[in-house]
1. Tell me, please, whether a residue that is assigned to a loop (DSSP other than H, G, I, E, B) and at pLDDT below 50 can be found in region 261-282.
2. Go through region 155-214 and tell me which strands (runs of 3 or more DSSP E), entirely inside it, have 1 or more residues that are among the polar types (S, T, N, Q) and closer than 21 Å to SER272 by Cα.
3. Does PRO172 satisfy the criteria of being over 23 Å from LYS117 (Cβ atoms) and surrounded by fewer than 22 Cβ atoms within 10 Å (Cβ to Cβ)?
4. Please determine whether any residue of region 109-120 is surrounded by 11 or more Cβ atoms within 10 Å (Cβ to Cβ) and in contact with a Pro (Cβ under 8 Å, 6 or more places away or on another chain).
5. Take the residues in region 187-209 that are without any contact (Cβ under 8 Å) to a residue 40 or more places away in the chain and buried (at least 18 other Cβ atoms within 10 Å of the Cβ), then tell me which one is nearest to ASN96 (Cα to Cα).
Amino acid sequence: MSDGSQRDPADAAKPSDSTSEASGTGAGDDGRQESRSATRTQERAGGPSQGNSIGRSLLMFLKEVVIVVVLAVVLSLVLKTWFVQSFWIPSGSMNNTLVKDDRVSVSKLTPRFFDLKRGDIVVFADPGEWLTDVVPPQQGPVAERINSVLSWVGLLPNDEGNHLIKRIIGLPGDKVQCCTADGRLLVNNAPITEPYVYPGDRPSDITFDITVPADHLWVMGDHRSNSKDSRYNDAPADNGSLGSVPIDNVVGRAFAVVWPLSKLSWLSTPESTFARVPDPGAAPADPTPGEPGQTSPAPPATEPTPAPTPSPSPTAATPAGTP
């Protein structure tokens, strides 16, 4: 019995080891729980900080958008006021150079800083009831408000309906007449050939002989048979005083077609058309030999050679007396 009651020392140590292992396992679980708890605490602590960071980024983005929009509006207003403005073509008076509903860009540097030239296409404010049947494009109320704002800042063409677009034929002091025997206009007594006139049209069906007043322009549409221009509006004076446009009314020179994109192009001035037009009061330049419509100058007159004086013919002898 005594032998059976005695325990092996190794066996006696086993419960102690088991207890130690159990105690060690519990400590590990508590450590992991504390670690997870600390992680959750950090996440909860970092959540508002991360949200604040996103909010600050969004606020900075919105500020940048506002700054960009404001700068774009200011830049558009500056461009519209001093440099470039867009206009739409309200009629067919400039066919085929420009057709109805085309959009053009107009340089305001001319005539502010650069001189106008014969042949320039210009946009000008109606000098006095020239526009009677032009209707701007019809739009809904919302689209109309949006377009008004965009037009105001210069991002869309001006649709006010009180501007015209024509080509300059005569500058201040120029004498403009219609027409030569072959149907061409004369500017300061020099005939001009106009390749831009609408096919089939004559340079003018209205005869006139005018002198452009000071600080005014004589303008005509390229579609001469369908253009209420200086010719049409000069009556009843018919001397250039009523049909000429004040230079102060000129908005600028059209230099490009910008819409539709299929017609994107520069508008050039046909310098050859007016190359031989002299200044007002000067003699016209010599015509180029063989140019259509021009006649070669007549040779200078020579003094006629006097005919020789005939010698007196001999008188027949008359018999004396009568038979």
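1. Among the residues of region 261-282, not one is assigned to a loop (DSSP other than H, G, I, E, B) and at pLDDT below 50, which makes the answer no.
2. Correct list: 175-178.
3. no
4. yes
5. Ranking the qualifying residues of region 187-209, first place goes to VAL197.
The values are calculated or read from the model by the stated rules, or taken from the named source; none is laboratory data. Everything numeric here is computed off the predicted structure, so don't read it as measured data. Cβ coordinates were reconstructed from backbone atoms using ideal geometry, including for glycine residues, and neighbour counts include every protein chain displayed.
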